[in-house]
Amino acid sequence: MIEPGDVISHTEMCAAEDKNLQAGMHFRLHNGISVVLMSRRANAPYRDRIENEGKTLIYEGHNISRHFHPQPDKEDQPLNTPNGRPTQNGLFSKAAHAYRRTHFQPDLVRVYEKIMDGVWTFNGIFQLEDAWQEKSNGRKVWKFRLELTDTVESSTDSTRHYDIEHNRIIEHNRIIPSTVKREVWKRDKGKCVKCGSTRNLHFDHDLPYSRGG
């Protein structure tokens, strides 16, 4: 099972979700749990951001399909397609607003982040808690607030992993910044610093965040 912080390929990510993940938003993909793909690289098509010391993800919605408009990035991000079907923005925003009204069981979202071409990490499971529109470059885009959670999924706490060397459970309670992940990947040449392996890699703090890690 993929754990938060694991470094994986696109193929491994698709295998874990049992779907060829090309689009960035997948509402209630399996067992009612959604999946989103994020990126904070300079050339990323959408402006995702991290707040609250790595605990909050502000995820940008997606553009209308080129099937409906030749320049999707010039149009407001829609809730529905021209034929009336809800877009992923529409499905996610409806779920977020339902939670805002009732505060009852927010939707869970599995978040994967693209670090560089061919390299992804699993950032953990988040709660979908809010949705709104913002103005951006002369148009309106959707934003979704997701909060990192310790919710148990399928009887496994997916925000924890077991550190065999130190015989302890490590909490996954913050997202490591993408810039740090990229620099660590380059510095260590995509290998484990202890054994040299290029497989089953994992990003983690050597020193706990609470102590300055």
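So which residues in the range 44-73 are outside any loop (DSSP other than H, G, I, E, B) and either modelled with pLDDT under 90 or among the hydrophobic types (A, V, I, L, M, F, W, C) (or both), if there are any at all? Lay out the reasoning, then the answer.
As a first pass, look at the range 44-73 and keep what is outside any loop (DSSP other than H, G, I, E, B): 49-54, 56-60, 72-73.
Passing the criteria: Ile50, Asn52, Glu53, Gly54, Leu57, Ile58, Pro72, Asp73.
Is the range 88-95 home to any residue that is among the aromatic types (Phe, Trp, Tyr), outside any strand (DSSP E or B) and open to solvent by less than 20 Å² (accessible area, probe 1.4 Å)? Outline the logic, then answer.
So the first thing to find is which residues in the range 88-95 are among the aromatic types (Phe, Trp, Tyr), and the list is 92.
Filter once more, keeping what is outside any strand (DSSP E or B): 92.
Then keep just the ones that are open to solvent by less than 20 Å² (accessible area, probe 1.4 Å); that gives 92.
Scanning the range 88-95 turns up at least one residue that is among the aromatic types (Phe, Trp, Tyr), outside any strand (DSSP E or B) and open to solvent by less than 20 Å² (accessible area, probe 1.4 Å).
Looking at the range 118-152, which of the residues that are among the charged types (D, E, K, R) and under 16 Å from the mean Cα position of the chain (by Cα) is modelled with the lowest pLDDT? It would help to see each step written out before you state the result.
The initial filter retains those residues of the range 118-152 that are among the charged types (D, E, K, R), namely 129-130, 134-135, 139-140, 143, 145, 147, 150.
Narrowing further to those that are under 16 Å from the mean Cα position of the chain (by Cα): 129-130, 143, 145, 147, 150.
Details: Glu129: 96, Asp130: 97, Lys143: 98, Arg145: 97, Glu147: 94, Asp150: 70.
Only one residue fits best here, namely Asp150.
Name the residues in the range 47-59 that are surrounded by 15 or more Cβ atoms within 10 Å (Cβ to Cβ) and either touching a Ser or Thr at 6+ places or on another chain (Cβ under 6 Å) or without any contact (Cβ under 8 Å) to a residue 24 or more places away in the chain (or both), would you? Working first, answer last.
Initially, the range 47-59 is screened for residues surrounded by 15 or more Cβ atoms within 10 Å (Cβ to Cβ), giving 47-48, 50, 54-59.
Selection gives Asp48 alone.
In the range 99-108, is there at least one residue being of a type outside the set (S, T, N, Q), assigned to a loop (DSSP other than H, G, I, E, B) and in contact with a strand residue (DSSP E or B) (Cβ under 6 Å, 6 or more places away or on another chain)?
Initially, the range 99-108 is screened for residues of a type outside the set (S, T, N, Q), giving 99-101, 103-104, 106-108.
If we keep only those that are assigned to a loop (DSSP other than H, G, I, E, B) too, we end up with 103-104, 106-107.
Retained after the next criterion (residues that are in contact with a strand residue (DSSP E or B) (Cβ under 6 Å, 6 or more places away or on another chain)): 106-107.
Yes, there is a match, as at least one residue in the range 99-108 is of a type outside the set (S, T, N, Q), assigned to a loop (DSSP other than H, G, I, E, B) and in contact with a strand residue (DSSP E or B) (Cβ under 6 Å, 6 or more places away or on another chain).
Restricting to the range 13-40, name every residue that is surrounded by 15 or more Cβ atoms within 10 Å (Cβ to Cβ), charged (D, E, K, R) and more than 13 Å from the chain's Cα centre (by Cα).
Within the range 13-40, Glu17, Arg28 meet the criteria.
Residues in the range 107-151 that are surrounded by fewer than 16 Cβ atoms within 10 Å (Cβ to Cβ) and among the aliphatic types (A, V, I, L, M): how many?
Qualifying residue count, the range 107-151: 1.
The values are calculated or read from the model by the stated rules, or taken from the named source; none is laboratory data. Just so we're clear, the structure is a prediction, and the values are computed from it rather than from any experiment. Here the Cβ is made from the backbone with ideal geometry for all residues, glycine too, and neighbour counts use every protein chain on show. The protein model used for the area step is the full one, side chains on, heavy atoms only, and it has no ligands, DNA or RNA in it. Shrake-Rupley method; radii C 1.70, N 1.55, O 1.52, S 1.80 Å.
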